[in-house]
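K.L.:
I have a structure here, written as structure tokens, and I will follow up with some questions on it.
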Amino acid sequence: TPPAIIAPSILSANFANLGHDCATKMKEGADWLHVDIMDGHFVPNMTIGCPVVSQIRGCVDRPLEPGSKGTFDCHMMIMEPHKWVKEFQKAGCDLYCFHYEAAVSSVAATDPTDKTTTERTTPRGLIKYIHEQGMQAGIAIKPDTPVDVLWDILESPDQIERPDMVLVMTVHPGFGGQKFMASELPKVSALRARYPDLNIEVDGGLGLGTIDQAADAGANVIVAGSAVFGAADPADVIAKLREAVQK
Ligand code: DX5
Ligand code: ZN
């Protein structure tokens, strides 16, 4: 399993104090910050867009390389994810993680005679496009989506079309503070069995009570919102999450 990466979800921050909260989480030992982008269509909630991402980027040094410390892991819970790649890169995103389900529905909505856009809407084409903009690419699946849809994408013959990370949602996306769905962990185990070096992220309901199951299944990138932000000692929770993955 690759190294543990702890990514507090800033959805649980105080949005009136967002820059300060981001800098504080980094000081408390976070590796990445998980930035939840919601458009009110793909999920029944809205959060922030590029102007806010670019402002908080000013509070956390941009990593020298996407994937290293300070990475903004942008979880794009939006329709038409291909439309926002360049803007988010400029705003400060280092890892652009789109939803498989959103990509597939954009393919259906695109004029087939528009070749460039059609290619960019497919999961493989979108991954390539994200890489061309200098970011890492992630692909996320909701609880209702089987892991089998990913095999073909992970086996892309051209490395530029292969994802750097898979995000297995362990809640229905849209809100922080929901109950962890252990039913999603077999997806993580299946991915880990085939891909020993892949970054596998879990998101939703992770905390000290659920981390062991997720770590045992093979997850190494751990998102935690309420468990970190709601803790009396966030640094201690971050350290314990890391220990659980590494043990
Ligand atoms: C939910 C978001 C999560 C959320 C996790 O749709 O994708 O990142 O912030 O929050 P917790 O850790 O509180 O479940
Ligand atoms: Zn998320």
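The values are calculated or read from the model by the stated rules, or taken from the named source; none is laboratory data. These numbers come from a predicted model, not from an experiment. Cβ sites come from the backbone with ideal geometry, for glycine too, and all protein chains shown count toward neighbours. Ligands, DNA and RNA are excluded from the accessible area calculation, which covers all protein heavy atoms including side chains. Shrake-Rupley method; radii C 1.70, N 1.55, O 1.52, S 1.80 Å.
K.L.:
For the ranges 159-165, 213-219, 105-111, what's the packing order if you count other beta-carbon atoms within 10 Å of each residue, average per peptide, and put the highest first? Write down the numbers at each step before the final one.
P.N.:
Working: 159-165: 18.0, 213-219: 21.4, 105-111: 14.0.
Sorting 159-165, 213-219, 105-111 by mean packing, highest first, produces 213-219, 159-165, 105-111.
K.L.:
Follow-up. Any of LYS187/LYS247; LYS27/LYS90; LYS90/LYS142; LYS90/LYS115; LYS142/LYS247; LYS25/LYS240 with alpha carbons more than 19 Å apart? Name them for me.
P.N.:
LYS187/LYS247; LYS27/LYS90; LYS90/LYS142; LYS90/LYS115; LYS142/LYS247
K.L.:
Quick one: net charge of HIS172's neighbours, Cβ under 14 Å, K/R +1, D/E -1?
P.N.:
Details: positive: LYS142, LYS179; negative: ASP36, GLU101, ASP144, GLU184, ASP203.
Counting the neighbours of HIS172, the net charge comes to -3.
K.L.:
Quick check: Cα centre of region 1-73 to Cα centre of region 172-217, how many Å?
P.N.:
That distance is 19 Å.
K.L.:
Size of the dipole of the chain about the Cα centre, Lys and Arg at +1 and Asp and Glu at -1 on the beta carbon, nothing else charged, in debye to 20?
P.N.:
So the dipole magnitude of the chain works out to roughly 260 debye.
K.L.:
Continuing with this model, one more query. Average the reciprocal distances over every distinct pair of alpha-carbons in region 119-242, invert the result, and give the Kirkwood radius in Å.
P.N.:
On the way: mean 1/r = 0.0657 Å⁻¹.
Value: 15.2 Å, from the Cα pair sum.
K.L.:
Which one of ASN17, ASN220, ASN199 has the biggest mean-square fluctuation once the chain is modelled by GNM with Cα springs under 10 Å?
P.N.:
ASN17
K.L.:
A further question follows. Find the relative contact order for region 164-247 and round it to a whole percent, using C-alpha pairs within less than 8 Å whose residues are 6+ positions apart. Could you put the intermediate results ahead of the total?
P.N.:
Numbers: 132 pairs, mean separation 25.0, N = 84.
30 percent.
K.L.:
Add +1 for every Lys or Arg and -1 for every Asp or Glu among the other residues with Cβ under 13 Å from the Cβ of ILE5, and state the total. Don't skip to the end; give the middle numbers.
P.N.:
Numbers: positive: LYS69, ARG242; negative: ASP31, ASP73, ASP94, ASP164, GLU201, ASP203.
That works out to -4.
K.L.:
Sticking with this structure for a sec: About the Cα centre, and with charges only on the beta carbon of Lys, Arg (+1) and Asp, Glu (-1), how big is the dipole of region 47-127? Nearest 20 debye, please. Mind showing how you got there, number by number?
P.N.:
On the way: 9 positive and 10 negative charges, 36 e Å.
Charge dipole, region 47-127, about its Cα centre: 180 debye, nearest 20.
K.L.:
Could you sort the peptides 4-10, 41-47 by per-residue average Cβ neighbour count (10 Å cutoff), highest mean leading?
P.N.:
Values: 4-10: 25.0, 41-47: 16.3.
Result, highest mean first: 4-10, 41-47.
K.L.:
Share of antiparallel DSSP beta bridges in the chain, in percent to the nearest 5? Mind showing how you got there, number by number?
P.N.:
Working: 1 of 33 bridges.
For the chain, the DSSP antiparallel bridge percentage is about 5.
K.L.:
Considering only DSSP states other than H, G, I, E and B, which trypsin sites (Lys or Arg not before Pro) in region 151-229 qualify as loop sites with at most 10 other Cβ atoms within 10 Å? Mind showing how you got there, number by number?
P.N.:
Values: sites: LYS179, LYS187, ARG192, ARG194; in loops: LYS179.
Within region 151-229, the qualifying trypsin sites (Lys or Arg not before Pro) (loop, at most 10 other Cβ atoms within 10 Å) are LYS179.
K.L.:
Given Cα pairs under 8 Å that are at least 6 residues apart, what percent is the relative contact order of region 114-168? Each step should come with its number before you reach the end.
P.N.:
On the way: 53 pairs, mean separation 22.5, N = 55.
41 percent.
K.L.:
Please compute the length gained on full extension between THR116 and MET46, using 0.36 nm multiplied by the number of residues separating them and subtracting their Cα-Cα distance. Walk me through the intermediate numbers first.
P.N.:
Working: separation 70, 0.36 × 70 = 25.20 nm, distance 2.88 nm.
Here the answer is 22.3 nm.
K.L.:
Would you work out which of HIS82, GLY19, PRO2 lies farthest towards the positive end of the dipole of the chain, given +1 charges on the beta-carbon of Lys and Arg and -1 on that of Asp and Glu, about the Cα centre?
P.N.:
Result: GLY19, furthest along the dipole toward the positive end.
K.L.:
State in Å² the accessible area per residue of region 24-63; use a 1.4 Å probe, count heavy atoms of protein chains only, and round to the nearest integer.
P.N.:
On the way: 1820 Å² over 40 residues.
That works out to 46 Å² per residue.
K.L.:
With the full set of protein chains in place, find how many percent of the accessible area of region 65-184 is carbon and sulfur; take the probe as 1.4 Å.
P.N.:
Values: 2580 of 5010 Å².
The nonpolar share, carbon plus sulfur, comes to 51 percent.
K.L.:
Given the options ASP212, ASP114, ASP148, which has the most mean-square fluctuation in a GNM of the chain, springs set between C-alpha atoms less than 10 angstrom apart?
P.N.:
Comparing ASP212, ASP114, ASP148 in a Gaussian network model of the chain, the most mobile one is ASP114.
K.L.:
Still on this structure, please answer the following. Take the chain, connect every pair of alpha-carbon atoms lying under 10 Å apart with a spring to form a Gaussian network, then pick out the residue of THR170, THR121, THR210 with the largest mean-square fluctuation.
P.N.:
THR210
K.L.:
No partner Cβ under 4.7 angstrom, meaning no disulfide-compatible partner by this rule: which Cys of the chain qualify?
P.N.:
Those would be CYS22, CYS50, CYS59, CYS97, since no other cysteine Cβ in the chain comes under 4.7 Å of theirs.
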